[in-house]
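The values are calculated or read from the model by the stated rules, or taken from the named source; none is laboratory data. Predicted, not measured: the structure shown is a model, and the values here were computed from it. Because the Cβ atoms are built from the backbone with ideal geometry, glycine has one as well, and the counts that use them run over all protein chains shown.
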Amino acid sequence: MSYGKRERFYHSMAWKRSRAAYIAYRKAIDGGLCEVCHEQLGDTVHHKVWLTDANVDDPDIALSFGNYCLICRDCHAKEKDPNCKPIRRYTFDDDGNIVKTRFPPSDNEGWGSK
């Protein structure tokens, strides 16, 4: 997804209203606890189905309570965006020893190449 399209969505009034309504809804249920760890207060409305170019304009995905989860910063930091390439600063040699890789790799090397 292009950064601009997602950025525009997250600044839209529709998102801001839907986000605020979901936070109020969760606060009425359990005081706004993180839906993952149930230990800290949630502060991030996370999309269970990640937004992509194909679905960012679909209100059933982008603006649906059924696709939201109120989570804390710690749990949100653990989420992995399936659209991002992994950043690997090391790999292993044939003997299992850690080998530091150049970061970022050059265009003719793949991520995690030796």
Inset, instruction - Within the stretch 25-37, track down each residue that is within 16 Å of Y68 (Cβ to Cβ) and surrounded by fewer than 17 Cβ atoms within 10 Å (Cβ to Cβ). - result: Y25, K27, A28, I29, D30
Inset, instruction - Select from the stretch 25-80 the residues that are assigned to a loop (DSSP other than H, G, I, E, B) and among the acidic types (D, E) and list them in ascending order. - result: E35, E39, D43, D53, D57, D58, E79
Inset, instruction - Pairs only if they're at least six apart or on different chains, beta carbon under 6 angstrom, first in the stretch 65-84 and more than 14 Å from R19 (Cβ to Cβ), second part of a helix (DSSP H, G or I) and at pLDDT 90 or above; list them, first residue then second. - result: none
Inset, instruction - Could you list all residues from the stretch 11-24 that are surrounded by 12 or more Cβ atoms within 10 Å (Cβ to Cβ) and part of a helix (DSSP H, G or I)? - result: W15, S18, R19, A21, Y22, I23
